[in-house]
Each structure stands twice: as structure tokens, then as C-alpha cells.
Amino acid sequence: MSKSDMLSYLLDNFGSPEQATKVSDKEISKFVDKVPETILKFWRDHGRGSYLNGFFWFCDPALLQPILRTLFEGDPEYNAEDMTTVGYSAFGSLEVWDKTRRIIGIDFLTSTIYSPPDEYYLDLSTGERLDDNILVQTPMTSFINSDRDDFDEALATLGKLEPGEIYGYAPVLQLGGSQDVEHLHRTKIVEHLAMICGLSRFNLTRLTPPDPPAFPFGRLEVIRPVGPLTRQ
């Protein structure tokens, strides 16, 4: 599966999203200059909803905008008003599109934020910048292809998620909680992520160059905390 056809793959293999809500033309018009056209077209044609029994959700960006504002408040480089949450996983990882910086991934299990460098967006064969309509789909590939064993067990034990819900650990990992299915519960995504935001600052990370054999694809290293520099 190529990076450029994830939306087509989802539609061809699973149809339109489950539990989908329609998105009005008025709502779509608010995001014309904020997300690539391929996302607007998907919303227009299929609405917003879930795939893979609730493992990945296309969401209303307004739902999670307060979380982005909290995370990036006072940051010298990143502005939450340039960001749009396109989707989230059943465990609360966010896929965010920044109209200037493009892809941003936020992991609430590890309190880390990944923002790829400019070279990530280049076509290696031509050296030209990849089309934004392709780039916005690349995080979905990682979500869909990731290990879903814990999700499948949580689904069987706790039942199917409703829109706006995730499976969250209790206590959360930032408070020493255990990352096993027995400590998962169904919870509202906004309240759960807001609580995590209040526990510790998130770190901006980057992927280092490949370093085989230990790190054949590179490794994530911390650049700095996100937020006002004076709070570091």
C-alpha cells in the first residue's frame, strides 16, 4: 500500500466510516485554507467517523482544539491556531495537520510530539516537495498498520467506543500506571487528554539518522519541552 492511497484503501476495503456524521458545506468552508483538499473531499463525501471498529477516528477538529491550545500555549515556534486535528486513535494519539509545518503527531501515552523535518517532505527520486494531499495521509498508514492486539482485547472487554471516547489507562502512565489492558477504561477523550496535559509538559522529538544495527531506522530523541521557554 503506497502512502498516497490510504483514503482510497479505506474506502475500497471498508466503505464509508462507521458512526459517521455529515459535514455541512458551511463547516467545510472553515477549513479550506487549513487542511489539504483531499481531507475536505473526504468529509464532504463520507462525513467523519471511525474505521476498524473504532481504532481510528476522523473527528471534528473543534473537539480537540482546546487540547492543542493548552499544549502549545506560549510556544515560540508552534501555534495551535495553525493546526487542525484530522483524526485520533482509540488510545488518544492525535494526527494533526499544521498549515505551515504539515504533519504533527501527538502521543499522549508518552507525552511526546513528533514534527518531521523539512527533508521528510521531499520526494527522494526527484528532490521535489511531496504534494500535501499525499502527505496528510501518511500518518494514517502508520495507524492502520500498527499492532492492534491491545485494542482488540479492550474492544472485547470494554465494548465498542462511542464518538468522542477512547480507551484510557487508569491511573495514567504519567502517574506510574501500568500499560496493560486490565487498567484500561472507556473515557471521554477531551477530559482524559486535558488531565494528561496538566500532569507534565510534552517534549518535542525528532528522528535521528539511521544507526544500524541498533537503530536501523533511527531513533526518537528529545529536542525540547513544548510551551513557553521560561517554563523549561
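From the list 89, 8, 2, 115, the lone residue that is of a type in the set (Gly, Ala, Ser) and modelled with pLDDT of 95 or more is 89.
Any residue that is exposed (fewer than 11 other Cβ atoms within 10 Å of the Cβ), farther than 30 Å from residue 21 by Cα and in contact with a Gly (Cβ under 8 Å, 6 or more places away or on another chain) - is there at least one of those in segment 180-193? Within segment 180-193, none of the residues are exposed (fewer than 11 other Cβ atoms within 10 Å of the Cβ), farther than 30 Å from residue 21 by Cα and in contact with a Gly (Cβ under 8 Å, 6 or more places away or on another chain). Entry remark, segment 57-83: residues being within 16 Å of residue 193 (Cβ to Cβ), out of contact with any Asp or Glu (no Cβ under 7 Å at 6 or more places or on another chain) and not basic (Lys, Arg) number 16 in total. Quick check on my filter: what residues within segment 1-41 are closer than 20 Å to residue 163 by Cβ and among the hydroxyl-bearing types (Ser, Thr, Tyr)? Within segment 1-41, 16, 21, 24 meet the criteria. The one condition from (1) closer than 16 Å to residue 94 by Cβ; (2) touching a helix residue (DSSP H, G or I) at 6+ places or on another chain (Cβ under 7 Å); (3) in a loop (DSSP other than H, G, I, E, B) that residue 167 does not meet is (3).
The values are calculated or read from the model by the stated rules, or taken from the named source; none is laboratory data. This is a predicted model, so every value here is computed, not measured. Backbone-built Cβ (ideal geometry, glycine too); neighbour counts: all protein chains shown.
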